[in-house]
Amino acid sequence: MAKYLIGIVCGLSFGLYVQAQATPSFAVFDIEAASEGFDLVVGIQPLAAQALAGSFVSSSSTIQRIEANAEMIAAYIQSSVSLKQQGDRCSWDPKPETVAQDTITLHAEGVTVRGRVHCADAHRSIALQTDLFQGMFAEHRNIVRMKTADGSYRVIDQLDASHDRTVLDPNLAYASSSDVSTDGSDRLDVAWILFAIVISSACVFGAHHLWRRKRAGRV
């Protein structure tokens, strides 16, 4: 774990400024039912993954850098998440999922890690607390969603620096979307997330185009 955190600090020192310009910053925490209990899937923006991977000091492609540092990224996310049930800590050992192999899909799907949550009682409420990217990226939000039995995703809470804890009911993952109570903000967040994806993609393609023009001018 120590070597991962050292690498993260080095990566952030190069990537923090660039990521701070790509607003808004967010991560998604999805609760998904599994055969035994449930999975917690955390998705982060590619630019945040690049910063963690120290992508600005390497000649490798963005996707290669993220893949090479996938375990480090997963370790960092795990260290930023606390799961407890009635005061007792639950275990969660996330593993990186497959990284998309083209830039457009990468920015649409993000970089994700998945792990089974193990608590004393699989059907009792769990407290999730996270400071993921808080204090690093301006106005960062961690959006907590529940994947219901009909395949829909419902936003159940939004965490930030002033509100970093929420209570999860694992049983809702087996209910239909109509049974999950929300404040109606999930529709707004879908539009907000799509807007962020468009802005991030535009920044990436714009930077790449500018780099190619500068390179052609030197030739």
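Tabulated data
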| read-out | value |
| --- | --- |
| Qualifying positions in segment 104-153 - free of Cβ contacts under 8 Å to residues at least 40 places away in the same chain and either buried (at least 21 other Cβ atoms within 10 Å of the Cβ) or under 14 Å from Ser82 (Cα atoms) (or both) | Thr148 |
| Every residue from segment 129-165 that is aromatic (Phe, Trp, Tyr) and closer than 13 Å to Ile44 by Cβ | Phe133, Phe137 |
| All positions within segment 92-129 that are part of a loop (DSSP other than H, G, I, E, B), at pLDDT 95 or above and within 18 Å of Asn142 (Cα to Cα) | Pro94 |
| Breaking point among (1) within 15 Å of the chain's Cα centre (by Cα); (2) open to solvent by less than 40 Å² (accessible area, probe 1.4 Å); (3) under 19 Å from Asn142 (Cα atoms); (4) modelled with pLDDT of 90 or more, for Leu52 | (4) |
| Positions within segment 94-103 being open to solvent by 40 Å² or more (accessible area, probe 1.4 Å) and in contact with a helix residue (DSSP H, G or I) (Cβ under 7 Å, 6 or more places away or on another chain), in sequence order | Lys95, Pro96, Gln101, Thr103 |
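Here's the yes/no breakdown for (1) over 14 Å from the mean Cα position of the chain (by Cα); (2) surrounded by 12 or more Cβ atoms within 10 Å (Cβ to Cβ):
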position	(1), (2)
Asn69	yes, yes
Ile73	no, yes
Ser82	yes, yes
Arg89	yes, no
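The values are calculated or read from the model by the stated rules, or taken from the named source; none is laboratory data. Small disclaimer: the values here were computed from a predicted structure and weren't measured. For neighbour counting, all protein chains shown are included, and Cβ atoms are generated from backbone atoms with ideal geometry for every residue, glycine included. These area figures cover heavy atoms from the full protein model, side chains too; ligands, DNA and RNA do not enter into them. Shrake-Rupley method; radii C 1.70, N 1.55, O 1.52, S 1.80 Å.
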